[in-house]
Amino acid sequence: MRLLSSQQAPNFSLTDYQGNNINLQEYAGKKVLLSFFRGAACPFCNLRVNQLINRYDEFVISEIQVLIFFAATGEEIFQYAGQQQAPFSIIPDPQEDIYKKYGIESSHSGMFKAMIQPFKMMSMMSSGFFNLKSMRDKPLIPADFLINRDQTIHQAYYGKDFGDHLSIDRILEWAK
């Protein structure tokens, strides 16, 4: 079931892939970008992680905390997405417990929708993140949540394909 704007963001308490405890309630009083991805080998996901890393200074200036989830183990994150050494927390959720709380959806057509977009495919193929391991990952569709300082959801964005996220410019605009 999809979450809506103004709903309370479901709390979670997990350990990121580097062993740090992450509890959403500890981010009360701060703005949070919460992003959900497929498996840690997903090239579309790793391209987005790279975009977040490249613009991370803007998130810091805008006082937005970035937390991302992968439907993967900590070891898989370390092997793939973790190689980018993100300056924000990457949280494994291989059983998808938090994915279920946030209504993250699965769709086989999500891959095909991404594949028929030439620009998106060219970006992914030239990113250096392409690998065949991701073909075995669950067909989860990414989602982004902008969480207000009071821990209510400002915006819940459920993607339409494997590479569909809120634009970074839109996220930064929210912080103003």
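Points worth noting:
- All positions within region 95-113 that are under 14 Å from the mean Cα position of the chain (by Cα) and either modelled with pLDDT of 95 or more or outside any loop (DSSP other than H, G, I, E, B) (or both): 96, 98, 99, 102, 103, 104
- Yes/no for residue 164 being modelled with pLDDT under 95, within 12 Å of the chain's Cα centre (by Cα) and within 21 Å of residue 81 (Cβ to Cβ): yes
- Taken over region 131-149, the criterion of being at pLDDT 95 or above, polar (S, T, N, Q) and not in a loop (DSSP other than H, G, I, E, B) is satisfied by no residue.
- Selected residue (only one of 4, 34 is modelled with pLDDT of 95 or more, surrounded by fewer than 16 Cβ atoms within 10 Å (Cβ to Cβ) and within 19 Å of residue 142 (Cα to Cα)): 4
- A count restricted to region 15-29 and to residues that are of a type in the set (A, V, I, L, M, F, W, C) and surrounded by 17 or more Cβ atoms within 10 Å (Cβ to Cβ) stands at 1.
- Residue tally, condition within 21 Å of residue 75 (Cβ to Cβ) and not in a loop (DSSP other than H, G, I, E, B), over region 14-43: 8
- Contact map, region 1-27: first residue closer than 14 Å to residue 88 by Cα and hydroxyl-bearing (Ser, Thr, Tyr), second residue exposed (fewer than 12 other Cβ atoms within 10 Å of the Cβ) and at pLDDT 95 or above, Cβ cut-off under 9 Å, separation 6 or more or different chains; pairs are 15/21.
- Any chance residue 52 is assigned to a helix (DSSP H, G or I) and either at pLDDT 95 or above or acidic (Asp, Glu) (or both): yes
The values are calculated or read from the model by the stated rules, or taken from the named source; none is laboratory data. Quick caveat, the model's predicted, so the values are computed rather than measured. Every residue, glycine among them, receives a Cβ derived from its backbone with ideal geometry; neighbour counts consider all protein chains shown.
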